[in-house]
1. Have a look at ALA97, MET84, GLN48 and report the one farthest towards the positive end of the charge dipole of the stretch 3-136, computed about the Cα centre with Cβ charges (Lys/Arg +1, Asp/Glu -1).
2. Over the chain, give the accessible area per residue in Å² for a 1.4 Å probe, as an integer.
3. So, with +1 on the Cβ of K and R and -1 on the Cβ of D and E, and no other charges, what is the size of the charge dipole of the chain about its Cα centre, to the nearest 20 debye?
4. Under a 10 Å cutoff between Cα atoms, tell me which one of GLN119, GLN23, GLN48 has the largest fluctuation in the Gaussian network model of the chain.
5. What pairs in LYS40/LYS90; LYS60/LYS101; LYS67/LYS101; LYS3/LYS90; LYS104/LYS129; LYS60/LYS104 have C-alpha atoms more than 25 Å from each other?
6. Quick one: what does P(r) look like for the stretch 81-133 with 5 Å bins over all Cα pairs, in whole %?
7. Per the Debye formula with a single identical scatterer at each Cα and no solvent contribution, what log10 I(q)/I(0) holds for the chain at q = 0.16, 0.17 Å⁻¹?
8. Rounded to a whole number, what % of the accessible area of the stretch 3-136 do carbon and sulfur atoms account for, probe 1.4 Å?
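The values are calculated or read from the model by the stated rules, or taken from the named source; none is laboratory data. Being a predicted model, the structure only gives us computed values, none of them experimental. Quick reminder, even Gly has a Cβ in these numbers, built from the backbone with ideal geometry, and neighbours come from all protein chains shown. Quick note on the areas: whole protein, heavy atoms, side chains included, nothing else; ligands and nucleic acids left out. Shrake-Rupley method; radii C 1.70, N 1.55, O 1.52, S 1.80 Å.
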Amino acid sequence: MEKEKLIQGLNEDLAHEYQAIIQYTTYAAVVSGIHRQELKEFFLAEIQDELRHAQLLSDKIAALGGKPTTVPAPVPEAEDARAMLEAILKAEAETVARYVKRMKEAEAFGDYGLANDLQEIISEETRHKEETEKLLRGRWKE
């Protein structure tokens, strides 16, 4: 694994962390309906983890000699609470898959500290995904 490819992948991950921060912030602001307060709190609670992930990625990219991206991945729009949760579920599933790939790349590069950090992020993102799945099991009629 060459360093430039790893940096490129980490920047892709960073762009998606920025996307998640914007997505959760926006959804918390615009969610409406009978479950608004519960969902607003859920969305806002996720932001701190995503910020921490973005900081870790930015620091690692810089440590490897790269330049952290400042451009987020596109944020999906959603019209109602169910669509918001479905968009988040999709994003979390894709994030876990991306981080599993990146963890393997970090190991191939020989950066076991990064691989360990990514494994922790995978656990956190998996919990986010599972909590979203639980919310979607409810009956959203908005």
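1. ALA97
2. 54 Å²
3. 180 debye
4. Maximum among the listed residues: GLN48.
5. LYS3/LYS90
6. In order of increasing distance, the bins hold 5, 23, 26, 18, 12, 9, 5, 2, 1 percent.
7. Per q value, in the given order, log10 I(q)/I(0) is -0.79, -0.87.
8. Numbers: 3620 of 6810 Å².
Summing carbon and sulfur atoms, their accessible area is 53 percent of the total for the stretch 3-136.
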